[in-house]
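Input: a single structure, listed below in C-alpha cells.
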Amino acid sequence: MKVSHLILSLFLMGFGMKSYAINPDKYVVHQASAESFPLVSKGKIASLLVSEKDFYGVLKVVGHLESDLFKVSDLHPKRINKITDIQDFVVIIGTIGKNEIIDQLVKEGKIDGDQLKGKWEKFTTQIVDNPVKGIKKALVIAGSDKRGTIYGIYDLSNQIGVSPWYFWADVPVQKQSELHVLPGIHSLGEPKVKYRGIFINDEAPALSGWAFEKYGGFNSKFYDKVFELILRMKGNYLWPAMWGRMFYVEDPQNAVLANEYGIVMGTSHHEPLTRAHAEWGKANGKWDFNTNSEALINFWKDGIKRMGDNETIVTVGMRGDGDEPMTEGTAIDLLENIVKTQRNIIADVTKKPAEETPQMWALYKEVQDYYDKGMTVPDDITLLLCDDNWGNIRKLPELNAKPRKGGYGIYYHYDYVGGPRNYKWINTNQIERVWEQMDLAYQYGVDKIWIVNVGDIKPMEFPIEFFLDMAWNPEKFNAGNLDQYYKDWAKENFGDQNTNDIAEILKLHTKYNARRKPELLNEKTYSIASYDEADRVVADYKKLVEKANSINGKLQPEYKDAFYQLVLFPVLASSNLNEMYVATAKNYLYTEQWRLSANDYGEKVKELFEKDNQLTNYYHTQLANDKWNHMMSQTHIGYDNWQQPDKNVIPNTRHLFYNTFISQAIVIEGTKESFDGVLKNKIALMDLTSLENKPTYIDLINSGEKKYAFKITCDYNWIQFSTTEGIVQTEQRVLVNIDWKKAPKGISNREFTVVANNQKFTFLLKTNNINPSKVHGFIESNGYISIEAQNYSKAINLDPVKWTIIPNLGKTKSGVTLKPSNIKPIEISEKSPRLEYDVHFFSKGNVKVHAYFSPTLNFTIRDGLKYGIAFDDEKPQIINFNQDNSEKKWAESVADNIKIITSSHTIEKPGNHVLKFYGIDPALVLQKIVIETESGQILQSYLGPPESFRKK
C-alpha cells in the first residue's frame with residue numbers, strides 16, 4: 001500500500017469520516033495535522049481567491065461554496081481577486097487558461113498541468129505551499145475546463161457534508177468547527193461517459209403545479225435549482241420539461257443560465273433542432289415534411305439561430321406530431337432526406353461543417369425499425385439507443401460493429417406515459433436492474449450519452465443520483481458493491497443515523513414496488529388463497545413501515561423532513577396502497593365464500609383510501625412548511641387502461657347481509673372454493689411433508705345469524721388439530737399438523753371428518769414422512785419444486801466468463817447472470833458455463849420447468865438470446881428466450897416484471913436428480929425456477945410458489 005494511501009486510511013478510520021458512492025475517498029477531516037490544510041479552524045475560515053476573468057459559471061458556483069461553508073461552519077469566507085496583504089491560508093480556485101495564478105502554478109510546476117490540459121471535465125484539488133508571494137499555504141482547485149472547475153468546487157462542498165439534495169429533499173447540513181483537507185492530489189479523473197443527464201418529463205400535474213406556485217413557471221429561477229442539482233451530482237446534460245413547455249421561449253434567461261453553468265442542453269427524442277414541440281402552432285400548418293417542408297425548414301433554422309454558441313447536442317430526425325410515428329410504414333428515404341436537410345441547416349446557420357456541432361439521433365420506438373432496415377446517418381451523429389420505456393434496453397451495437405465517431409448513447413426511463421400503463425407516481429426503479437442494464441450497455445461501447453427520464457425529479461432522488469454516479473465511472477460499480485451504495489447514500493443524507501436500517505428500507509421498498517408498478521396493481525394482483533401470498537406481501541410492507549416509523553421517532557428533528565420525503569412517505573404510501581388492494585381482494589373473495597368478514601374488509605378499503613389522501617395532504621400542506629405542494633399529485637388509484645384517471649378512484653366493494661338461518665361452509669388452504677356440505681366428494685388438503693414440517697388449515701365459516709357447533713373426528717393420533725370441537729360464530733380456523741415421530745414412514749393417505757351444523761365433511765390428507773438420508777437438494781411437495789436462482793448447488797465458470805449473483809434484483813430474492821456481458825454466444829459443452837440444482841422427486845413422468853427471468857429484450861441482430869436446460873445427462877434443450885416477441889407478450893412481461901419460459905422434460909424414476917441451466921448468451925438474468933410435476937398443479941399466484949425445502 002502506498003504511504004499516502006495508508007495515511008488516508010488511518011485518517012478515515014481515526015475520524016469516522018463518511019464514504020461516498022461517487023468518491024469513496026474522504027479528503028476532508030475534522031482534526032488538524034502538520035500536513036493538512038485548515039479550511040476551517042479555531043474560528044477562522046480560509047479566503048477564496050478567484051479571477052474575475054474566469055467563467056461566470058465558475059464564479060457563480062464559488063458563491064455556492066461560500067454559502068455551503070457558512071452552512072457548515074457559521075463563518076463567511078472572504079472572496080478575493082488578488083493578494084493585497086499577507087494571507088496564511090487561501091483556497092485558490094480557477095480554470096486553466098482563465099486564471100493567471102493557476103497558469104503560473106502550472107508553469108512553475110507546482111501543479112501538474114499535464115493532468116489537466118486537454119482533459120474533459122477534470123479537476124485536481126491539492127495543497128500547495130507558498131504558491132505565490134503573500135500566501136503561506138493554499139488549497140488549489142484547478143479545472144481543465146469550466147465544468148471541471150465547477151465539479152472541483154462542488155466536490156469540496158460534498159466533502160464538507162453538503163448533500164446534492166440539500167434543497168430538493170431538505171437534507172440538512174451538519175455543523176462543523178474544524179475542517180481540514182488532507183495532503184495529496186484529489187481527483188475523480190475524467191468521466192467515462194461524456195454526456196450524463198436527466199430528462200424532466202410527464203411533469204403535469206405534480207412538478208408543473210409546484211413550479212408555477214413557487215416560481216411562476218419553468219423559468220430561470222426554477223432551472224437555476226435544476227442546473228445546480230445536476231452539477232452537484234456531476235451530470236452535465238438536460239432535456240428540459242416539454243409537456244406544453246418551451247424552454248427557450250418561456251424565459252430567454254433559461255438558455256443564458258444554462259450556458260453560464262455549463263449545462264449542455266438538448267431536446268427530447270422528437271424535438272428536432274432545439275425547437276420545443278409546443279412551439280409548433282397551428283399557424284405553421286401540418287407537421288409533415290412531405291407537404292410542409294418550407295415551414296419546417298424555417299422553423300428549424302430559427303432554432304439553430306437561437307442556439308448560437310451555447311453548448312448543445314442537437315436532436316436530428318423526426319417523429320410524427322405529438323410524439324407519434326411519422327408514417328405507417330418505414331419511410332427510410334424520407335427520413336434520410338430530413339436528416340440531410342437538417343444538417344444543411346446546421347451548417348448554413350453556424351457557418352461551419354455540420355460535424356462540428358454535436359448531434360444525436362434517437363432510435364426511439366418505431367424509429368429503431370428505420371435503423372434496423374438499413375437507414376444510415378453520418379458517422380459523427382451519436383446514435384441514441386433506447387430502452388422499451390420500462391428499463392429494458394432494446395438495441396446495442398454489435399460486438400464487431402465498426403466504431404462510430406459520434407458513438408452511442410442510451411435513453412433510459414424511470415417514468416413513462418404509455419402502454420401497458422403509465423407509471424409516474426413513486427419510485428419503482430431497482431438500482432440493481434439499472435446497473436445490470438447500463439453495465440451491459442457500457443460493455444457494448446455505449447459511452448457518449450446516458451440520459452434518463454426522471455419525470456418530476458421527485459420522488460426519483462435515489463435512482464437519479466445512482467444513474468449519474470454510475471455514468472461518471474461505470475467501472476467502479478459491480479454486483480458486489482451495490483449494497484454498499486445504499487449504505488453510502490443513507491449515511492450521506494441522514495448523518496450516519498440508523499444507516500444500515502435505512503439502507504435496508506431503501507433496498508426492499510424499491511424491490512417490493514418493482515414487483516408491479518402501483519398503477520398496475522389491483523385486487524387480482526396477489527393471491528389470497530395461494531401460498532398466503534397476499535398476506536405475506538402486506539406483512540413485508542408492514543415490517544418496513546414499523547422499521548421506518550421507529551427510525552423516524554429516533555432521528556434528530558432536522559432530518560425528519562428529508563426522511564419523510566426520501567424514505568417514510570414512499571414506504572407508508574406503498575404499504576397502504578398494497579394493503580388497500582389486498583383488502584379489496586378479500587372483500588370480493590370473502591363475499592363469494594359468504595364470509596361476513598367481507599364487510600370488515602369493505603370498510604378497510606374506505607379507510608385505506610382515505611389514508612392515501614391524508615398522506616398526500618401531509619406531503620403537500622405540512623411537510624417542510626408546505627414547500628412541496630403538488631409534488632405527489634400524480635393519480636395512482638383506479639386505472640382501467642393505459643391512461644391515468646382524472647382523479648384517484650376508490651375500488652368498488654361488496655356488502656353481505658346475514659342469512660336468517662344457520663349457514664355453514666368450509667374453505668381450505670390453496671383454493672377459493674367454499675364447500676357447504678352439499679358436495680359429496682372428499683376434500684383434498686395440501687400435502688404435508690416431514691422436512692418442511694408446516695401445517696395446513698381449514699376455515700369453518702358461518703354467514704347465518706345463529707352460531708353452530710363443529711367436531712373433528714380422526715382415527716390417527718399423529719394427525720394433530722389446533723382444536724377438535726367448538727362453536728363457530730362467524731369464522732374459525734383449524735390448523736392441521738403432523739407429529740412426524742409417530743407418523744408412518746414414506747407416503748400415506750388418510751381421512752378424517754368434520755361435522756359442522758350436522759353436515760359431514762370428509763377430508764383427504766397426503767403425508768410424506770421422508771428418510772432424510774436418501775434425499776438431496778430441493779424436494780418435491782404438492783407436485784412442484786420451487787428454487788431461487790441464487791441457491792444453486794454448483795456453478796461452472798469458463799474464464800473470463802463467470803456466473804454473477806446480483807443481490808436483491810427481481811421479485812423475490814436475487815438474479816443470476818453471466819458477466820462480462822460483451823461476449824459472443826457460448827457453445828454448450830461439458831466445460832461451458834452452467835448452473836446445477838440438486839432436486840429430489842417423489843414422482844416420475846413428464847415435468848415442466850418454468851424459468852423466471854428479468855424481461856430482457858433481444859438487443860442483437862440474432863434471432864434471440866438463448867440458454868440451455870436439461871436434467872442429468874440428457875441432451876440440453878436450446879431455448880430461444882425471445883422467440884415470442886409479440887406486443888402482447890412484451891406487455892405482459894413488463895407489467896409482471898418477469899418473463900416465464902417453460903420447457904418440458906421427462907423424469908424416468910423418482911429420486912435425486914440434477915437440473916442443469918446452461919449459459920449461452922449473456923444478459924439473461926435468471927431469478928427463479930419452478931418445476932411442475934405431472935401429478936401436481938401449481939396454484940395461481942403472482943410471485944410463484946415460495947422456495948421449496950432444501951436438504952443439503
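The values are calculated or read from the model by the stated rules, or taken from the named source; none is laboratory data. Computed from a prediction, not measured in an experiment: that's the story for all the values here. Cβ sites come from the backbone with ideal geometry, for glycine too, and all protein chains shown count toward neighbours.
Provide a single number: the residues in the range 877-902 that are touching a Lys or Arg at 6+ places or on another chain (Cβ under 7 Å) and closer than 29 Å to VAL775 by Cβ.
Going through the range 877-902 one residue at a time, the tally reaches 2.
Considering LYS458, LYS491, which residue is within 25 Å of TRP168 (Cα to Cα) and over 15 Å from the mean Cα position of the chain (by Cα)?
Values: LYS458 fails: over 15 Å from the mean Cα position of the chain (by Cα).
Step by step, each of LYS458, LYS491 is checked, and only LYS491 is within 25 Å of TRP168 (Cα to Cα) and over 15 Å from the mean Cα position of the chain (by Cα).
Show the residue pairs that are 6+ apart or on different chains and have beta-carbon atoms under 7 Å apart, the first residue being within the range 156-175 and under 19 Å from LEU48 (Cα atoms), the second being acidic (Asp, Glu).
SER157/ASP68; ILE160/ASP68; VAL162/ASP68
Could you look through the range 903-936, keep only residues that are in a strand (DSSP E or B) and of a type in the set (Gly, Ala, Ser), and pick out the one that is farthest from ASN522 (Cα to Cα)?
Taking the range 903-936 as the starting set, the residues that turn out to be in a strand (DSSP E or B) are 903-907, 911-919, 926-933.
Filter once more, keeping what is of a type in the set (Gly, Ala, Ser): 903-904, 911, 919.
Details: SER903: 30, SER904: 32, GLY911: 41, GLY919: 36 Å.
In this case the residue turns out to be GLY911.
Would you check if there is a residue in the range 883-898 being in contact with a strand residue (DSSP E or B) (Cβ under 7 Å, 6 or more places away or on another chain), in contact (Cβ under 8 Å) with a residue 60 or more places away in the chain and hydrophobic (A, V, I, L, M, F, W, C)?
yes
Would you check which residues across the range 20-31 are modelled with pLDDT under 95 and either of a type in the set (A, V, I, L, M, F, W, C) or in a strand (DSSP E or B) (or both) and list them?
The answer is ALA21, ILE22.
For the range 887-912, what are the residues that are farther than 21 Å from SER941 by Cβ and out of contact with any Gly (no Cβ under 8 Å at 6 or more places or on another chain)?
As a first pass, look at the range 887-912 and keep what is farther than 21 Å from SER941 by Cβ: 887-888, 890, 904-912.
Those that are farther than 21 Å from SER941 by Cβ and out of contact with any Gly (no Cβ under 8 Å at 6 or more places or on another chain): GLU887, LYS888, TRP890, SER904, HIS905, GLU908, LYS909, PRO910, GLY911.
Can you name the condition, by its number, that LEU939 falls short on among (1) in contact (Cβ under 8 Å) with a residue 60 or more places away in the chain; (2) outside any loop (DSSP other than H, G, I, E, B); (3) among the aliphatic types (A, V, I, L, M)?
(2)
Only one residue in ALA585, ALA598 is touching a Leu at 6+ places or on another chain (Cβ under 8 Å), within 25 Å of ILE528 (Cβ to Cβ) and among the small types (Gly, Ala, Ser), so which one is that? Walk me through how you get there before you give the answer.
Numbers: ALA585 fails: touching a Leu at 6+ places or on another chain (Cβ under 8 Å).
When all the criteria are applied, what remains is ALA598.
Given the criterion at pLDDT below 95 and surrounded by 19 or more Cβ atoms within 10 Å (Cβ to Cβ), identify the matching residue among LEU596, LEU623, LEU589, LEU568.
On the way: LEU623 fails: at pLDDT below 95; LEU589 fails: at pLDDT below 95; LEU568 fails: at pLDDT below 95.
Every option except LEU596 fails the conditions.
Please determine whether any residue of the range 173-180 is at pLDDT 95 or above, surrounded by fewer than 24 Cβ atoms within 10 Å (Cβ to Cβ) and over 30 Å from GLN556 (Cβ atoms).
no
Give me the pairs: first residue in the range 336-361 and assigned to a helix (DSSP H, G or I), second residue surrounded by 19 or more Cβ atoms within 10 Å (Cβ to Cβ) and of a type in the set (D, E, K, R), beta-carbon distance under 7 Å, and six or more apart or on different chains, which are they?
ALA354/ARG343
Please go through the range 372-397 and pick out each residue that is at pLDDT 95 or above, over 30 Å from ALA514 (Cβ atoms) and not β-branched (Val, Ile, Thr).
PRO378, ASP379, ASP380, listed by residue number.
Please pick out the residue among LYS811, LYS774, LYS831 that is more than 28 Å from GLY911 (Cα to Cα) and within 44 Å of the chain's Cα centre (by Cα). Give the derivation first.
On the way: LYS774 fails: more than 28 Å from GLY911 (Cα to Cα); LYS831 fails: more than 28 Å from GLY911 (Cα to Cα).
Step by step, each of LYS811, LYS774, LYS831 is checked, and only LYS811 is more than 28 Å from GLY911 (Cα to Cα) and within 44 Å of the chain's Cα centre (by Cα).
Here's a check for you: in the range 649-661, which residue that is surrounded by fewer than 17 Cβ atoms within 10 Å (Cβ to Cβ) and not aromatic (Phe, Trp, Tyr) is farthest from LYS952 (Cα to Cα)? Working first, answer last.
Residues of the range 649-661 surrounded by fewer than 17 Cβ atoms within 10 Å (Cβ to Cβ): 649-650, 652, 654-655, 657-661.
Then drop every residue that is not not aromatic (Phe, Trp, Tyr), which leaves 649-650, 652, 654-655, 659-660.
Details: VAL649: 50, ILE650: 49, ASN652: 48, ARG654: 48, HIS655: 50, ASN659: 53, THR660: 56 Å.
Among those that are surrounded by fewer than 17 Cβ atoms within 10 Å (Cβ to Cβ) and not aromatic (Phe, Trp, Tyr), it is THR660.
Restrict the check to the range 140-149 and report whether at least one residue is closer than 30 Å to ALA241 by Cα, out of contact with any Ser or Thr (no Cβ under 6 Å at 6 or more places or on another chain) and assigned to a loop (DSSP other than H, G, I, E, B).
So far as the range 140-149 goes, yes, one or more of its residues are closer than 30 Å to ALA241 by Cα, out of contact with any Ser or Thr (no Cβ under 6 Å at 6 or more places or on another chain) and assigned to a loop (DSSP other than H, G, I, E, B).
Which of the residues spanning the range 442-460 are buried (at least 24 other Cβ atoms within 10 Å of the Cβ) and assigned to a strand (DSSP E or B)?
Correct list: ILE449, TRP450, ILE451, VAL452, VAL454, GLY455.
Looking only at the range 508-532, count every residue that is under 20 Å from ILE431 (Cβ atoms) and touching a Pro at 6+ places or on another chain (Cβ under 9 Å) and tell me the total. Walk me through it before giving the result.
Within the range 508-532, the subset under 20 Å from ILE431 (Cβ atoms) is 508-518.
This time we only want the ones that are touching a Pro at 6+ places or on another chain (Cβ under 9 Å), so: 509-510, 513.
The qualifying residues number 3.
Inside the range 942-952, can you point out the residues that are in a loop (DSSP other than H, G, I, E, B) and at negative phi?
Our first condition is that a residue be in a loop (DSSP other than H, G, I, E, B); within the range 942-952, this holds for 942-949, 952.
TYR942, LEU943, PRO945, PRO946, GLU947, SER948, PHE949, LYS952 - these are the residues of the range 942-952 that are in a loop (DSSP other than H, G, I, E, B) and at negative phi.
In the range 103-133, which residue that is closer than 19 Å to ILE83 by Cα and in a loop (DSSP other than H, G, I, E, B) is nearest to the chain's Cα centre (by Cα)?
LYS110
Every residue in the range 877-901 that is among the polar types (S, T, N, Q), surrounded by fewer than 16 Cβ atoms within 10 Å (Cβ to Cβ) and either over 30 Å from the mean Cα position of the chain (by Cα) or within 25 Å of LYS517 (Cα to Cα) (or both), please. I'd like the intermediate steps shown before the answer.
To start, the set of residues in the range 877-901 that are among the polar types (S, T, N, Q) comprises 877, 880, 882-883, 885-886, 893, 897.
Then keep just the ones that are surrounded by fewer than 16 Cβ atoms within 10 Å (Cβ to Cβ); that gives 877, 883, 885-886.
If the condition is that a residue be among the polar types (S, T, N, Q), surrounded by fewer than 16 Cβ atoms within 10 Å (Cβ to Cβ) and either over 30 Å from the mean Cα position of the chain (by Cα) or within 25 Å of LYS517 (Cα to Cα) (or both), then GLN877, ASN885, SER886 are the ones that fit.
Does GLU465 satisfy the criteria of being touching a residue at least 12 places away in the same chain (Cβ under 8 Å), closer than 24 Å to PHE859 by Cβ and surrounded by 24 or more Cβ atoms within 10 Å (Cβ to Cβ)? Step through it out loud before you land on a result.
On the way: touching a residue at least 12 places away in the same chain (Cβ under 8 Å): yes; closer than 24 Å to PHE859 by Cβ: no; surrounded by 24 or more Cβ atoms within 10 Å (Cβ to Cβ): yes.
Against the criterion (touching a residue at least 12 places away in the same chain (Cβ under 8 Å), closer than 24 Å to PHE859 by Cβ and surrounded by 24 or more Cβ atoms within 10 Å (Cβ to Cβ)), GLU465 does not qualify.
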